[in-house]
Amino acid sequence: MRSRLLSRRQSILKLCQTTLATSLGGLWLGSAKAQVDKLTITGLAEARLRTFEEMVRPYVQNQDLQKERVTLSLPMLADNGHMVPLSLKIDSPMTEASHITHVYLISQRNPVPLMAKFVMGPWSGRADLSTRVRLSGNQSVIALARLSDGNFIYDVQEVVVTEAACVDNG
């Protein structure tokens, strides 16, 4: 299986190199080949499953983190990872004294874990949002909300993706 996977990667790399050489008018640049190799290997290596701790540590650091008041909605099965609908509702009074300041949507498998960051405040009125995200395969998605007192609340949802996106590191 491993040799078959490597030969597939090598054939894709060869196709990229041929396309690059053709688009440069037949010029072959060794540095361009090295960059294609590096992007291919890096993109595949970074699309791994991260632990919950790895996902939230850059944002939470030493603050309190509780799984409450956040409702994340994703389909359990997404046919296409390029446009997965996501909605989020956070139970917050959204007053000057108590409100949501930031919402982070974090992916467990995408090459870039932070899919979106939203800035909110009392002017938002409600802490609800809807969007579409790209997902690179089966994974957990975390909605992490920062409160005005500096603490965090979150929700996690598992999603099964039949056709993955983000494999091009884009």
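The values are calculated or read from the model by the stated rules, or taken from the named source; none is laboratory data. All values derive from a computational prediction rather than experimental measurement. Cβ coordinates were reconstructed from backbone atoms using ideal geometry, including for glycine residues, and neighbour counts include every protein chain displayed. Side chains are part of the model used for accessible areas, which takes the heavy atoms of the whole protein and leaves out ligands, DNA and RNA. Shrake-Rupley method; radii C 1.70, N 1.55, O 1.52, S 1.80 Å.
Some observations on this one:
- Within segment 127-139, restricting attention to residues that are polar (S, T, N, Q) and surrounded by 18 or more Cβ atoms within 10 Å (Cβ to Cβ), the residue that is farthest from Thr95 (Cα to Cα) is Ser136.
- Residue list for segment 92-111, restricted to those being farther than 12 Å from Ala165 by Cβ and surrounded by 14 or more Cβ atoms within 10 Å (Cβ to Cβ): Ser92, Met94, His99, Ile100, Thr101, His102, Val103, Tyr104, Leu105, Ile106, Gln108
- Among the residues listed as Val160, Val119, Val156, the single one being under 13 Å from Leu72 (Cβ atoms) and either in contact with an Asp or Glu (Cβ under 6 Å, 6 or more places away or on another chain) or open to solvent by 40 Å² or more (accessible area, probe 1.4 Å) (or both): Val156
- A count restricted to segment 71-110 and to residues that are in contact (Cβ under 8 Å) with a residue 60 or more places away in the chain and polar (S, T, N, Q) stands at 4.
- Evaluating Gly150 against the criteria (1) open to solvent by 10 Å² or more (accessible area, probe 1.4 Å); (2) in a loop (DSSP other than H, G, I, E, B); (3) farther than 22 Å from Arg50 by Cα leaves one unmet condition, (1).
- Beta carbons closer than 7 Å, at least 6 apart along the sequence or on distinct chains, pair a first residue in segment 55-70 that is open to solvent by less than 70 Å² (accessible area, probe 1.4 Å) with a second that is among the aromatic types (Phe, Trp, Tyr) for Tyr59/Tyr104; Val60/Phe152; Leu65/Phe152; Leu65/Tyr154; Val70/Tyr154.
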